[in-house]
1. I'd like to check something: does segment A:131-148 contain any residue that is part of a helix (DSSP H, G or I), more than 26 Å from A:Arg455 (Cα to Cα) and either open to solvent by less than 10 Å² (accessible area, probe 1.4 Å) or aromatic (Phe, Trp, Tyr) (or both)?
2. Before we move on, is A:Ala520 within 14 Å of RNA strand B (Cβ to nearest atom) and crowded, with 19+ Cβ neighbours inside 10 Å?
3. Does any residue in segment A:206-217 that is under 12 Å from A:Glu565 (Cα atoms) come within less than 6 Å, Cβ to Cβ, of a residue that is assigned to a helix (DSSP H, G or I) six or more places away or on a different chain, and which pairs are these?
4. Name, by its number, the condition in (1) more than 28 Å from A:Ala653 (Cα to Cα); (2) touching a residue at least 24 places away in the same chain (Cβ under 8 Å); (3) open to solvent by 60 Å² or more (accessible area, probe 1.4 Å); (4) in contact with a helix residue (DSSP H, G or I) (Cβ under 7 Å, 6 or more places away or on another chain) that does not hold for A:Asn752.
5. Are any residues in segment A:575-613 at positive phi and open to solvent by 10 Å² or more (accessible area, probe 1.4 Å), and if so, which ones?
6. Look at segment A:1-45 and say how many of its residues are part of a helix (DSSP H, G or I) and either aliphatic (A, V, I, L, M) or open to solvent by 80 Å² or more (accessible area, probe 1.4 Å) (or both).
7. Determine the pairs where a residue that is of a type in the set (S, T, N, Q), located within segment A:557-586, has a partner that is part of a strand (DSSP E or B) with Cβ atoms under 9 Å apart, the partner being 6 or more residues away or on another chain.
Amino acid sequence: MSEIPAYQPKAIESKWQKIWAETHAFEAEASHEKPKFYGLIEFPYPSGHGLHVGHPRSNTAMDIIARKRRMQGYNVLFPIGWDAFGLPTENYAIKNHVHPAKVTKENIDHFRSQLQMLGFSFDYSREVDTTDPGYFRWTQWIFLKMFEHGLVFRDKTLVNYCPSCKVVLSNEDSQGGKCDICHNDVVQLPKDVWYLRITAYADRLLEGLKDVDYPENIAQQQVNWIGKSTGAFVRFPFEGLDEEIEIYTTRPDTLFGVTFMVMAPEHPLIDKYADRIRNMDAIRAYRDECAKKTEFERTQLAKEKTGLKLEGLSAVNPITGKTVPIYLSDYVMMGYGTGAIMAVPAHDQRDWEFATKFGIDIVEVIQGGDITKEAYTGDGVMVNSDFLNGYTNKKDSIARMLEEIEKRGIGRPGVQYKMKDWAFNRQRYWGEPIPLIHCPKCGVVAVPYEELPLRLPDVDDFEPGTDGKSPLARIESFVNCKCPKCGGDAKRETDTMPQWAGSSWYFLRYCDPHNDQVYADRGELDYWMPVDWYNGGMEHVTRHLLYSRFWHQFLYDIGEVGCPEPYAKRTAQGLILGTDGEKMSKSRGNVVNPEEVVDEIGADAFRCYEMFMGAFDQAIPWSTNGAKGCKKFLDRVWRLQEKVGEGDSYSPALNAAVHEAVKKVSEDIERMKFNTAIAAMMSLVNEMMAQPAITRAEMETLLKILSPVAPHICEEMWQNLGHTEPIHHQPWPVWDEAALQKSEVEIAVQINGKVRGRIHIPADLTRESAEKELPENPEVQRLTNGKQIMKVIFVPGRLLNIVVK
RNA sequence: GCGGAUGUGGUGGAAUGGCAGACACCGGGGACUUAAAAUCCCCUGACUUCACCGUCGUGCGGGUUCGAGUCCCGCCAUCCGCACCA
């Protein structure tokens, strides 16, 4: 035992980070002999602000798992890269008159150094950057494959448009009517837009969830977002016209209760028959009114139904032959179903409200509620419904009605999804150019594969055009080209891909990042894929996680990858909040900078606190004092060096405690219970500190199980013990169940379920003999105090409960 | 409205139906020190008590059980996501 200098995290950490870099310590092995482990975190968007303490939570967790896997003998792929296209960089570039490529490079360098400061065991040799032409060449390649297979199409519809960012947004990017980038209100505009047909994969995206290990809330959120419903399309003829209007309903069995129909204000059939409609002026006024409403007004304030009747146009109920009036109302959306509904006010609350306001008949077809007060949506006996009368079961009545609908040829069963096709083009500069060409003769033609990558032209004006076009549209040399098919003059598509394009397949590129022949060698893909464990944020569940599953499923379908789902297991971390319990943001001024924390307590203590502060999947406020507590813990670990003796056994109890800690830490890391794993190590260290001496083996085992959490200090102490091989090459310790066994245990004695005392008993006492012998124990005798014993319950190692009268 | 989660000391949080509050933070007391920092030791859910003992205690109300923070039924509150989705 000798004098040990104080723990100096700064020196130790930079020393080991340098050694790891020089020895390429964490690069995946090229050989495919070992079992593999592919651990993934969402690659960061390198913003100008750098990291705050929330970002490393995911990285630290997966780093711990990756380090443990290496020690368990796996060939580990734990890569890092940069999701670097996107609007914040472009906006920064515009404001400061620098090229986004330059900003991106600076930001990446800053991010990389921040990550290295924290000692993550990334394989930096496999870094990818989505803005690198060598990367986005393959983003464009996959896009063209989709184009080839009919998954890319152009359509003029109402789209989400952010007037502030001047871009069209997907549904996923405009959730809640707010722009995902600037959080301003999104408006609905009719526009020509490129779509990816993600709805063709809606069922696959649902089905695939059954074969992967996702937490319930993530799977459920995807299910809700996809929003599958089954029902029927039914056609109602217009009275006196050779034209039908189709509706979608989930309750075709209520067809006899239809008393009116409602069309979305923008429904195209209205314009088609404008000359027959007598109140077109009023209709146009109503449309204008609806278009002006914000999302908030439409959903929150519009409890009161608005609308008006179509004069001069009505429909016929195809099952009853009765005339049905048609109304216009904005509670019916053009973007879902067919943009028109059959209204059954007795059994749909929205229809009920509308009917009540406009004095329309309400006809009951399902008994069980009071339809004068509100719509009845429960089950009941069907009435007023001809051949359906007497049905009591929803499933049966729907099946019967579907049969009838098909027999009469007035409709068909059908499925609807809330999820919409993915609006894929952005009218901005800093993204992958869409490799399509508009030829006046041939139409839309793909850029030939051999011409990829289609590079971004170098310009110095990135301002989005006022005409709703991308800045690329102003560059003649880029726009004008020859049609690859006919050789005639043609023009390039000038929009770029959305932020989510590059991230939809990056996990595949990591498998073989430097390949310039294919996006990744098939042998590498077959070895590494699928990702074994993917951790990330909840905010990506209905965007990146859905999009990338879609791209991967497509690649699987065309035989490019060998597994149908990209991620075998997905987990998500909770947010780290500011010390005030609010979400960290620059505007709130509660951002904690990791550099300052590391400067004060070191990266190891920082990592330790990130994992110790609370349950991994819960949101937790940052505590500066809590972080310091972890520094104190590592100080104690460091001082343990003074206690390492030459003997090979000092305390059997401590030896058992070491085995217990190995077991607890091994199991807790797998369950992402990092907080209790660290608590177990703290307890062990406290116990060790209380000993006069500990053995070298005990010290070494502690260092091994602590090393994934606090790698630098453990490498240093490992080296101080005289080792020349690094600790991350050591095998993960195993615990000995036998060593956990104690000869004697203390159990609680309960009387009628309340703890009254404690006794020491032999650990191997069987239930049978315990229940017979223990009531004789003097302490138990004292507690039962001569009362009549009704029942004795013995839980080995836990307690004895005596029921007395 | 629909879906998901959460509710435990002053704080963050532990707890396969089996000793509630592990492990920390904060706070209090003591040791060491000229002093401070660091470190070490002790106390720290509430009420009662000098102390032991005892009583109460996991959002609220019921229930199941020898035994409930945990399971069941009914509420309340907070957070997140979606939302006039036919």
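The values are calculated or read from the model by the stated rules, or taken from the named source; none is laboratory data. On a predicted model such as this, the values are computed, not experimentally measured, just so you know. Virtual Cβ from ideal backbone geometry, glycine too; neighbours counted across all protein chains shown. SASA here: full protein model, heavy atoms, side chains in, ligands and nucleic acids out. Shrake-Rupley method; radii C 1.70, N 1.55, O 1.52, S 1.80 Å.
1. So far as segment A:131-148 goes, no, none of its residues is part of a helix (DSSP H, G or I), more than 26 Å from A:Arg455 (Cα to Cα) and either open to solvent by less than 10 Å² (accessible area, probe 1.4 Å) or aromatic (Phe, Trp, Tyr) (or both).
2. No, not satisfied.
3. A:Leu206/A:Ile226; A:Leu209/A:Ala219
4. Of everything listed in (1) more than 28 Å from A:Ala653 (Cα to Cα); (2) touching a residue at least 24 places away in the same chain (Cβ under 8 Å); (3) open to solvent by 60 Å² or more (accessible area, probe 1.4 Å); (4) in contact with a helix residue (DSSP H, G or I) (Cβ under 7 Å, 6 or more places away or on another chain), A:Asn752 misses just condition (4).
5. Start the filter on segment A:575-613 by keeping residues that are at positive phi, which leaves A:581, A:589, A:602.
Matches in segment A:575-613: A:Gly581, A:Gly589.
6. Qualifying residue count for the region: 7.
7. Partner pairs satisfying both residue conditions: A:Thr571/A:Asp213; A:Thr571/A:Trp533; A:Thr571/A:Tyr534; A:Thr571/A:Asn535; A:Thr571/A:Gly536; A:Gln573/A:Asn535; A:Gln573/A:Gly536; A:Thr579/A:Pro621.
Let's see how each residue does on (1) free of Cβ contacts under 8 Å to residues at least 24 places away in the same chain; (2) within 13 Å of RNA strand B (Cβ to nearest atom); (3) open to solvent by less than 30 Å² (accessible area, probe 1.4 Å); (4) of a type in the set (Asp, Glu):
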{"residue": "A:Glu172", "(1), (2), (3), (4)": "no, yes, yes, yes"}
{"residue": "A:Arg204", "(1), (2), (3), (4)": "no, no, no, no"}
{"residue": "A:Arg235", "(1), (2), (3), (4)": "no, no, no, no"}
{"residue": "A:Glu244", "(1), (2), (3), (4)": "yes, no, no, yes"}
{"residue": "A:Arg251", "(1), (2), (3), (4)": "no, yes, no, no"}
{"residue": "A:Thr254", "(1), (2), (3), (4)": "no, yes, yes, no"}
